[in-house]
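Below is one structure, written out as structure tokens; comments come after it.
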């Protein structure tokens, strides 16, 4: 069987289970006696082990097997959870994630995990386990806790002359595929009679959530010797004890009734874990197919624009009506297609709790991470790119933003620092905030370092606003770290963050209050593919300005153009706003006029008026990259194809307003 066709499914499900393990480990660390959390980690590790074993990735299978063994001791109260165990489990999760990443990149998932396996085995103390299992097998009991229904079935069976047995089965210590041996035992039992109950339950037996022994309550017409002989013939069954059932009615329901159902039935497993309704509502779709669908729809949008233009030229009522109906339908289809590309930002946020824990331990700080708005959806293209900038900002907050324990206590704060990661929608944009309750940004120190590094002069520094001082953190080569460490001090980081965010059509802002904390706020577009834009004309050429950047459009008379600080400005609602002639920016001929068409745009807290030759109108456009040959052109973020087949360049207003 070719397993390569299942590789994509293995990777997808492995990532999901790793996320579950990481989030559960963080909860486990806070509450060591939470059995539900331990069970979640155990189930995820068990599933990972099974998938990895099937695919032939032995390193993952071995590591998850030892994680299971250690967790089972904690779950059964035979060993207490220790900080050393928690740290080892985190290391194991990191190593599994590294192996999965290697497999995703075409590797074999090989990694030396012997040290971690040894640490987990040391915790498990297998010799002590063996003694416990031997003791439990040597003293079988003929009683079995039943619920009311099962007790009724047993009484009717005894009254009808059937034999009711409690059967204790012990598998070999070195058994492989325990669930398969259980399945074989149950097959033998089903051929002789009916299984009423099992302990552990059928689900636990099926998922190998037991040591090497289990019990069943069994009804049959055969003798105890016949039952014992039949089960004893199963390979890797070490011991079988068959005893007459002794009633022990208990109000507590200890196990689940499983009349005439095999404990490892694949159909039962699928229905239990997934459920028929969930399976019918959710499917996995290859992202390449969604991208192909998006590309086809983008072509459709371009053709729709051309059809609208033709309808306007022909002036046919029937054609105009048809085009309007097509437009309404495609608007709804556009919303649906864009929704398919949207993904919750949760999958990016999920990597940060473990990272914050690790980095905080490295720098000797106690930091609690709060996450809100993880369900906020973003375009998949943005999701793929936003992870690294967030890593830089979070590491910066942990290393620089939040003070040491001693400094926090000295400032009258709690020893534990708080770091908040939140996401939310606002209009057609998504905002991501990284907020800490640390010391805030010392603007005096920032400007002094900027002057020392030659980023700006002393005279320019004196004219900066607090907001501009904060933005100095994003200058290339800037760092406030006094020593070089693994985390900081090399002058690389925040300038890369700003460049990456702006390449996605986003912006980054900083709010800070000395002694109270800092907020880094990132603004991103919902999607990067189909946007609304204002088409403008510059001489004989057409350009597009995204509507997300536009405040309003206006007409400006020649005499309203003013001069201030050697640049042309105009009065916009009591505020002097600079004017930018786009013809000059893009090297086109410009001419004086009695009146100008102006598009007022915003980038952060800055405003500017873009002077154009003519306003054409609003239109949905498909953004296309310029390609490597043309990338880097100032103030151009891409291009689009118009309805008449011409290419229009898309204006990057953020770049225009950037000093």
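The values are calculated or read from the model by the stated rules, or taken from the named source; none is laboratory data. Predicted model, so just to flag it, every value in this text is computed and none were measured. Every residue, glycine among them, receives a Cβ derived from its backbone with ideal geometry; neighbour counts consider all protein chains shown.
Here are the numbers for the structure shown:
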quantity: Residue, nearest to residue 595 (Cα to Cα), within region 556-576, restricted to residues that are in a loop (DSSP other than H, G, I, E, B) and within 46 Å of the chain's Cα centre (by Cα); calculated: 573
quantity: Checklist (1) in contact (Cβ under 8 Å) with a residue 40 or more places away in the chain; (2) under 30 Å from residue 470 (Cα atoms) applied to residue 583, failing item; calculated: (2)
quantity: In region 403-420, the residues that are touching a helix residue (DSSP H, G or I) at 6+ places or on another chain (Cβ under 6 Å) and surrounded by 13 or more Cβ atoms within 10 Å (Cβ to Cβ); calculated: 419
quantity: Region 400-422 - residue that is in a loop (DSSP other than H, G, I, E, B) and free of Cβ contacts under 8 Å to residues at least 12 places away in the same chain and, of those, farthest from residue 373 (Cα to Cα); calculated: 412
quantity: Yes/no for residue 78 being over 22 Å from the mean Cα position of the chain (by Cα), in a loop (DSSP other than H, G, I, E, B) and modelled with pLDDT under 80; calculated: yes
quantity: Residues of region 87-104 satisfying the condition of being closer than 15 Å to residue 122 by Cβ and either at pLDDT below 85 or surrounded by fewer than 20 Cβ atoms within 10 Å (Cβ to Cβ) (or both); calculated: 87, 91
quantity: Qualifying positions in region 203-227 - touching a residue at least 60 places away in the same chain (Cβ under 8 Å), more than 20 Å from residue 71 (Cα to Cα), in contact with a helix residue (DSSP H, G or I) (Cβ under 8 Å, 6 or more places away or on another chain) and in a helix (DSSP H, G or I); calculated: 227
quantity: Residue among 603, 590 that is touching a helix residue (DSSP H, G or I) at 6+ places or on another chain (Cβ under 8 Å), on the phi < 0 side of the Ramachandran plot and without any contact (Cβ under 8 Å) to a residue 24 or more places away in the chain; calculated: 590
quantity: Residue match in region 423-430 (condition: surrounded by 15 or more Cβ atoms within 10 Å (Cβ to Cβ), at pLDDT 90 or above, touching a helix residue (DSSP H, G or I) at 6+ places or on another chain (Cβ under 9 Å) and within 20 Å of residue 474 (Cβ to Cβ)); calculated: no
quantity: Condition met for residue 236 (at positive phi, at pLDDT below 85 and either in the same structural domain as residue 42 (by TED's automatic domain parsing) or touching a strand residue (DSSP E or B) at 6+ places or on another chain (Cβ under 9 Å) (or both)); calculated: yes
quantity: Enumeration of residues in region 328-351 that are under 13 Å from residue 23 (Cβ atoms) and in contact with a helix residue (DSSP H, G or I) (Cβ under 6 Å, 6 or more places away or on another chain); calculated: 350
quantity: Residue ranges of strands (runs of 3 or more DSSP E) in region 502-551 with at least 2 members under 30 Å from the mean Cα position of the chain (by Cα); calculated: 507-513, 517-525, 530-538
quantity: Yes/no for residue 446 being modelled with pLDDT of 85 or more and either out of contact with any strand residue (DSSP E or B) (no Cβ under 8 Å at 6 or more places or on another chain) or surrounded by 17 or more Cβ atoms within 10 Å (Cβ to Cβ) (or both); calculated: yes
quantity: Every pair of residues 6+ apart whose Cβ atoms lie under 6 Å, when the first sits in region 96-111 and is under 14 Å from residue 62 (Cβ atoms) while the second is outside any helix (DSSP H, G or I); calculated: 99/109; 99/111; 109/57
quantity: Which numbered condition residue 186 misses (of (1) surrounded by fewer than 20 Cβ atoms within 10 Å (Cβ to Cβ); (2) at pLDDT 85 or above; (3) out of contact with any strand residue (DSSP E or B) (no Cβ under 6 Å at 6 or more places or on another chain)); calculated: (1)
quantity: Test: residue in region 596-613 that is in a loop (DSSP other than H, G, I, E, B) and farther than 17 Å from residue 536 by Cβ; calculated: yes
quantity: Condition check for residue 396: loosely packed, with under 15 Cβ neighbours inside 10 Å, farther than 29 Å from residue 295 by Cα and at pLDDT 85 or above; calculated: no
quantity: Any pair with Cβ under 6 angstrom, 6 or more apart, that starts in region 20-44 at a residue that is in the same structural domain as residue 74 (by TED's automatic domain parsing) and ends at one that is not in a helix (DSSP H, G or I); calculated: 32/81
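One line per residue, one yes/no per condition, for (1) touching a strand residue (DSSP E or B) at 6+ places or on another chain (Cβ under 8 Å); (2) assigned by TED's automatic domain parsing to the domain that holds residue 27; (3) under 18 Å from residue 470 (Cα atoms):
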{"site": "350", "(1), (2), (3)": "no, no, no"}
{"site": "370", "(1), (2), (3)": "yes, no, no"}
{"site": "393", "(1), (2), (3)": "yes, no, yes"}
{"site": "404", "(1), (2), (3)": "no, no, no"}
{"site": "407", "(1), (2), (3)": "no, no, no"}
{"site": "411", "(1), (2), (3)": "no, no, no"}
{"site": "424", "(1), (2), (3)": "yes, no, no"}
{"site": "437", "(1), (2), (3)": "yes, no, yes"}
